[in-house]
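The values are calculated or read from the model by the stated rules, or taken from the named source; none is laboratory data. As the structure is a prediction and not an experimental result, all values here were calculated from the model. As a convention, Cβ positions derive from the backbone with ideal geometry for all residues, glycine included, and neighbour counts pool all protein chains shown.
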Amino acid sequence: MRGPVGLVGLAGMVALVGVAGCSPGGAAPTAASVSVSSSPALPEPVASPGLPEHWADTGERGASVAAVWFVRDLYRYVVETNDWAQWQALSEPGCEFCTNTTQAAQQGLADGTVERLTSVQVAVTRVEELNPLSYAVLMDYADGVTVVHRLDGTAVESFEPSRGQLLVVMHLVGTDWQLREGQWFDEGVAVPTAGATS
């Protein structure tokens, strides 16, 4: 990845921006060399992720579980398949990060390309209650090399691993958590609370 596609700055924390390409990060990705096989085979994408255990939990646990699932599981599925239906269904209309991720998948579909991520690791480091139904969840994010493939399996581009922090706002609507915002920060920087940026 390159820090999830769609994440921008914390100034509009209630409308996080998605980063195009893959990872949440906002820093410019670093291209790596790609070796092209004479008879390439497109690696299988990750399977469609089912909702995680404790999805329906309210409070910090539910928000944390939902945030990890969105960033580690559903986001990866979207960029590896260009299938944004579930992502869009669980994203709030004003979420720029969400919209940017959907648009990146639509562009991949138009271009006939998909991404393949290697490892994606996400760990919650802070949960902040904004109100009884909304939580800001800060996570450490790390991934491995990301490779962009044509549908015939040809590798056309790759990106070095990225590391950083992702701040997302989760909002409980009925029995589902929805993604309201997302913002990328460099690794090790002090991330202000969502309340301080809203």
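Summary of computed values
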{"quantity": "Test set (1) assigned to a helix (DSSP H, G or I); (2) in contact (Cβ under 8 Å) with a residue 40 or more places away in the chain; (3) over 12 Å from the mean Cα position of the chain (by Cα) - V114 fails condition number", "calculated": "(1)"}
{"quantity": "Qualifying residue in segment 135-146 (condition: of a type in the set (F, W, Y), assigned to a helix (DSSP H, G or I) and touching a residue at least 60 places away in the same chain (Cβ under 8 Å))", "calculated": "no"}
{"quantity": "When residues of segment 105-129 are limited to those that are surrounded by 13 or more Cβ atoms within 10 Å (Cβ to Cβ) and small (G, A, S), the one farthest from L166 (Cα to Cα)", "calculated": "G108"}
{"quantity": "Residue selected from segment 54-80 under the condition among the acidic types (D, E) and modelled with pLDDT of 95 or more, by the criterion nearest to S134 (Cα to Cα)", "calculated": "E60"}
{"quantity": "Residue that is farthest from S134 (Cα to Cα), among those in segment 89-104 that are surrounded by fewer than 21 Cβ atoms within 10 Å (Cβ to Cβ) and among the aliphatic types (A, V, I, L, M)", "calculated": "A89"}
